[in-house]
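Asks: For reference, the structure I am asking about is given below.
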Amino acid sequence: MNDYIAAPWQRIFEFNGLRSFDDFWRREAEWFEEPNQRRGGWSGVARCELKHPDGGTVRVFLKRQENHVTRTWVHPFRGLPTFIREFDSIMRYRRRGIPTLTPIYFSVRCPGGDRRAILMTEELTGFRSLEDFSREWKTLSAATRVSMARAVARLLRQIHSQRLSHNCFYPKHVFLRIGANNEIETRIIDLEKTKWRLFGLDRDFRDMRRLNGPGLPWSRAERLRFFKEYLGVTKLTPAVKEKWRRIARRHFEKHPADAALFGKTAAAN
């Protein structure tokens, strides 16, 4: 696989002495997420501040891993570095117009038999996760809450319209930025587990179940408003109600204690 370097960043990298894979690998930076030791290796995220040639600084996230692999039907034994899957998914989302991270550097090397991968992305300046907003949900204005729920619904609908399942659509992976007049921008991150799925209900259920857990402090009315926006409808037709019930039933099969999230009617049908 060839190295990927975003053209606008080439000059910035050179200005900061980042000219080779080893330069990126040895870059000193404080861990933003401590390396996790699993999958036979390790993987961690650091936050870096780079000097801009024209003055000032820019912030980026530098992800590095070694022998951190996932096994697929194509690579069942040796596996594949997880950053390869994540980078491929980022580029696929971007080609399809789904708002996500902006990659600026990606590369893989195998020194001495070890497989190392680097993925660097632009910082999501001004964005916060839905998980963060959830902690202060009741203090937000009603208009802001409505705008956020609708923006998240449109994001998920956009992903599913491409027959993609994110498979990790938790509030901590959905990022939002509030603009003028409560206009909400969205970004989705952590795309490593994205899969193409033919059947819609299974695709819808997996992502909605992860989003609509008890950690999301939305009322039943807010969840229903989200669902209608996701479907692009304004009224609860019999067909819409049936789909709501089917998703609710699938949710209750795994989480029977969550009946209050969807309402007794949905749980009982």
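The values are calculated or read from the model by the stated rules, or taken from the named source; none is laboratory data. Values in this document were obtained by computation on a predicted structure and should not be read as measured data. Glycine also receives a Cβ, built like all others from the backbone with ideal geometry; neighbour counts cover every protein chain displayed.
Asks: Do you know which residues across the stretch 89-101 are within 22 Å of GLN10 (Cα to Cα) and assigned to a helix (DSSP H, G or I)?
Replies: Those that are within 22 Å of GLN10 (Cα to Cα) and assigned to a helix (DSSP H, G or I): ILE90, MET91, ARG94, ARG95.
Asks: For the stretch 95-103, indicate whether the set of residues that are of a type in the set (Lys, Arg), in contact with a strand residue (DSSP E or B) (Cβ under 9 Å, 6 or more places away or on another chain) and free of Cβ contacts under 8 Å to residues at least 24 places away in the same chain is non-empty.
Replies: no
Asks: Additional query: When you check LEU211 against the structure, is it modelled with pLDDT of 95 or more and under 14 Å from the mean Cα position of the chain (by Cα), yes or no?
Replies: Answer is no for this residue.
Listed here are the residues, each with its yes/no results for (1) closer than 22 Å to LEU124 by Cα; (2) outside any helix (DSSP H, G or I); (3) of a type outside the set (Gly, Ala, Ser); (4) modelled with pLDDT under 95.
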| residue | (1), (2), (3), (4) |
| --- | --- |
| ASN2 | no, yes, yes, yes |
| ILE12 | yes, no, yes, no |
| ASP22 | no, no, yes, no |
| GLN37 | no, yes, yes, yes |
| VAL45 | yes, yes, yes, no |
| PRO53 | yes, yes, yes, no |
| VAL58 | yes, yes, yes, no |
| LEU62 | yes, yes, yes, no |
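Asks: Give me the pairs, please: first residue somewhere in the stretch 109-126 and closer than 13 Å to VAL60 by Cα, second residue anywhere and of a type in the set (S, T, N, Q) and outside any strand (DSSP E or B), beta-carbon distance under 8 Å, and either six or more positions apart or on two chains.
Replies: THR121/THR102; GLU122/THR102
Asks: Which count do you get for residues in the stretch 231-259 that are at pLDDT below 80, over 18 Å from TRP218 (Cβ atoms) and loosely packed, with under 15 Cβ neighbours inside 10 Å?
Replies: 3
Asks: Is there any pair with a first residue in the stretch 220-243 that is hydroxyl-bearing (Ser, Thr, Tyr) and a second that is modelled with pLDDT of 90 or more whose Cβ atoms are under 8 Å apart and which are 6 or more apart or on different chains, and what are they?
Replies: TYR230/ALA153; TYR230/ARG154; TYR230/LEU156; TYR230/ARG157; THR234/LYS228
Asks: Looking at HIS68 and the list (1) closer than 28 Å to ALA29 by Cα; (2) touching a residue at least 60 places away in the same chain (Cβ under 8 Å), which single condition is not satisfied?
Replies: HIS68 satisfies all of (1) closer than 28 Å to ALA29 by Cα; (2) touching a residue at least 60 places away in the same chain (Cβ under 8 Å) except (2).
Asks: Across the stretch 90-145, what is the number of residues that are of a type in the set (Asp, Glu) and at pLDDT below 95?
Replies: 1
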